[in-house]
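Quick note: the coordinates plus some simple rules give every number you see, no bench work behind them. Since the structure is predicted, the reported quantities are computational estimates derived from the model, not experimental observations. Heads up, the Cβs are rebuilt from the backbone with ideal geometry, glycines too, and the neighbour counts pull from every protein chain shown.
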Amino acid sequence: MKHEADASTELFDPSDALHGGGMFSWYKEISTNEKRAFWSCKIGYALDAMDTQFLSFVIPTLIATWGIGKGQAGLIGTVTLLASAVGGWLAGVLSDRVGRVKTLQITILWFAVFTLACAVAQNFSQLLVARGLMGLGFGGEWTAGAVLIGEVIRARDRGKAVGMVQAGWAIGWGVSAVLFTLVYSFVPPDYAWRILFALGILPAPFVIVIRRLVKEPDVHLKQKQRAAGGSERASFMEIFAPGMLSITLRAAVLATGAQGGYYAITTWLPTYLKTEQHLSVIGTGGYLAVIIAGSYAGYLCGAFLSDRIGRRLNFIVFAAASMAIALVYTRMPMTNTMMLILGFPLGFFASGIFAGLGAFLTELFPTRIRGSGQGFCYNFGRAIGATFPFLIGYVSQSMSLGYAIGLFAACAYGILIVAALTLPETRGKRLSEIQ
């Protein structure tokens, strides 16, 4: 029998998570609306990743075509990340006001249109503006999708479902790599990069599918009815009220650790391995494929473990492993073969942390301010984490790049572990209980 109960009112026995079926058996039991929400969020996040990752592939072409420096090229990426933090925060507030589904539609359409705008940019300044505007939608889509799927799916499967939606990032990353290879194989680079960005409009029609098929979560609709009746009205600032401030701050620190560690490793590690360990495999298609495969496997494993062993222990295990893999990369001599093999655990552990983050943030905040709280915490972490690549580059002027990467990664994952230890365990929490 299909599961039709409201996710907010379902009774949950923690032993279900410990003795339940396999990683994917839960999917057979959920309702049609839950499946539609799941796939809408997963595909939306994959398309989000595809559009975002195009930049990393076309930067060499932009440098050659427009004669811009590496600093300017890096600025495009930084502006995108900072704009995405603002977009995620605003989308969280908007999702509490107009609804999760409508906000998801707006953000997907927004990043699709401005990715297309990148394709017609005539100079660096125009591309910088278009990319920044695209970032608003890119960040907003994560928040809207994470809140939607977190509220729709029942408590005992929330970690798996939200984590598997998050795994859409690795799929989109892989699709962007395939499209880059195909387009650059048949079109001169001067035009190929524009075609890639033009393909960013493809997610736009997907908004129609979401509008027709996906319904607002029951728990959110009930909250809107209470608010319309004059009770439980809330504002964004409530996440900083005395009863919520501590949770908000600790959750923001947790998100900062996760994203700071990820950016510290993924931004500078390829440069370190090329320039200081002189490895040729870095940047090749084979190495990228191994990283992406590890990333997807990490998302799936993290999603499953989040429900199996709990949110906090899952964070701690993946953070400790990510810290260890960063130290291995920056302290041990490597060969090309070793690096190719180690690409899998690098992608696995660095990405696996994020699998449980969406569900955890959903369960920390009451429905009336869930979008605001989740959007603020995740994107506060993104904004602070985005400064880590700059700080590593700065301090590496007075120490080795490998030492700087290891130092910042260790600090980031260390504060993540501390935050996880101080936050409450929420595995199996019914959303109606969170007030």
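Some values worked out for this structure:
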read-out: Mean separation of Cα contacts under 8 Å (6+ apart) over length of the chain, as relative contact order %; value: 26
read-out: The stretch 201-208 - phi-based ³J(HN,Hα) in whole Hz, Karplus 6.51/-1.76/1.60, Gly and Pro as x; value: 6, 4, x, 4, x, 5, 4, 5
read-out: Kirkwood estimate for the stretch 31-212, i.e. one over the average of 1/r between Cα atoms, Å; value: 16.5
read-out: Pairs of alpha carbons in the chain whose separation is greater than 26 Å (percent); value: 54
read-out: Least to most buried among SER25, SER31, SER185 (fewest other Cβ within 10 Å first); value: SER185, SER25, SER31
read-out: Surface/4 estimate of mean projected area, convex hull on alpha-carbon atoms of the stretch 236-425, nm²; value: 10.7
read-out: Size of charge dipole - the chain - debye, nearest 20, with Cβ of Lys, Arg +1 and Asp, Glu -1, no other charges; value: 380
read-out: Simple label model, 7 Å out from Cα along Cβ direction - TYR27 to VAL98, nm; value: 3.2
read-out: Residues MET399, MET334, sorted so that the one with the fewest Cβ neighbours within 10 Å comes first; value: MET399, MET334
read-out: Packing rank of 261-267, 342-348, where each peptide gets the mean count of other beta carbons within 10 Å, highest leading; value: 261-267, 342-348
read-out: Nearest 10 degrees, 0 to 90: helix 218-228 Cα axis against the chain principal axis; value: 70
read-out: Relative contact order (percent, whole number), the stretch 236-425, Cα cutoff 8 Å, 6+ residue spacing; value: 45
read-out: Choice from GLY174, GLY92, GLY286 with maximal GNM fluctuation in the chain (Cα, 10 Å cutoff); value: GLY286
read-out: Residue-averaged 222 nm ellipticity for the chain, from DSSP H runs of 4+ at -39500 (n - 2.57), nearest 500; value: -25500 deg cm²/dmol
read-out: Fewest-first ranking of ARG154, ARG212, ARG97, using other Cβ atoms within 10 Å as the exposure measure; value: ARG212, ARG97, ARG154
read-out: Acute angle (nearest 10 degrees) that the helix 401-422 long axis makes with the longest principal axis of the chain, alpha-carbon atoms; value: 10
read-out: Crossing angle, helix 189-198 versus the chain [Cα axis fit, 0-90 degrees, rounded to tens]; value: 0
read-out: Highest average packing first - 142-151, 305-314, 243-252, Cβ atoms within 10 Å; value: 142-151, 305-314, 243-252
read-out: Most mobile of ALA258, ALA112, ALA320 in a GNM of the chain (Cα contacts under 10 Å); value: ALA320
read-out: Percentage relative contact order, the stretch 31-212, counting C-alpha pairs under 8 Å, at least six apart; value: 39
read-out: Lysine pair count for the stretch 31-212 [Cα-Cα under 28 Å; pairs on different chains or 8 or more apart]; value: 5
read-out: All-pairs alpha carbon distance profile, the stretch 121-218, 10 Å steps from 0, percent; value: 12, 34, 33, 16, 5, 0
